[in-house]
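Student: To start, I am sharing the structure in question, which I have written as structure tokens.
The values are calculated or read from the model by the stated rules, or taken from the named source; none is laboratory data. Every value quoted in this text rests on a predicted model; they were computed, and no experiment measured them. Note that each Cβ is placed from the backbone with ideal geometry, even for glycine, and that neighbours are counted across all protein chains shown. Keep in mind that these areas ignore ligands, DNA and RNA; they rest on the heavy atoms of the full protein, side chains included. Shrake-Rupley method; radii C 1.70, N 1.55, O 1.52, S 1.80 Å.
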Amino acid sequence: AGKLAMPSATQTQAEKRKLEEAEVPEGPKPPKAHKASGEERIAILDAGSQFGKVIDRRVRELKVFSEIVPLGTPAADLLRDGYSALIISGGPGTANAEDAPAYDP
């Protein structure tokens with residue numbers, strides 16, 4: 001049986017150069033508007049829940065774009081960014097406590 005060929009030093013350097021020269025995205029792209037893209041978008045407001053990431057993953061498994069956003073995100077921003085639904089992910093302390101965080105009406 002034949003042996004596995006080890007990459008030569010020049011191949012390894014060429015591969016490294018190729019990786020270094022590859023374009024790296026500068027950050028997340030701005031969200032597409034719901035009506036323009038035809039894509040359903042759900043915002044998950046993070047109000048301190050331990051399950052925010054689980055909720056995000058489950059929504060994405062349903063082939064729906066979702067994104068976890070800070071609790072203080074203004075409603076106008078969510079509308080502008082094309083979100084068609086909102087999930088507030090928090091525990092009993094963020095819903096029933098007297099000092100519970102307030103949401104943008």
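Student: What number of residues in the stretch 70-105 are under 21 Å from the mean Cα position of the chain (by Cα) and of a type in the set (S, T, N, Q)?
Tutor: Residues in the stretch 70-105 being under 21 Å from the mean Cα position of the chain (by Cα) and of a type in the set (S, T, N, Q): 3 in total.
Student: In the stretch 36-58, which residues are assigned to a helix (DSSP H, G or I), under 14 Å from Tyr83 (Cα atoms) and either open to solvent by less than 20 Å² (accessible area, probe 1.4 Å) or of a type in the set (Lys, Arg) (or both)?
Tutor: Of everything in the stretch 36-58, nothing turns out to be assigned to a helix (DSSP H, G or I), under 14 Å from Tyr83 (Cα atoms) and either open to solvent by less than 20 Å² (accessible area, probe 1.4 Å) or of a type in the set (Lys, Arg) (or both).
Student: Tell me which residues, restricted to the stretch 59-80, are loosely packed, with under 14 Cβ neighbours inside 10 Å and in contact with a strand residue (DSSP E or B) (Cβ under 7 Å, 6 or more places away or on another chain).
Tutor: Passing the criteria: Arg60, Pro70.
Student: Now, a different point. Could you identify the single residue in Glu23, Glu67 that is outside any strand (DSSP E or B) and either modelled with pLDDT of 70 or more or more than 15 Å from the chain's Cα centre (by Cα) (or both)?
Tutor: Residue meeting the stated conditions: Glu23.
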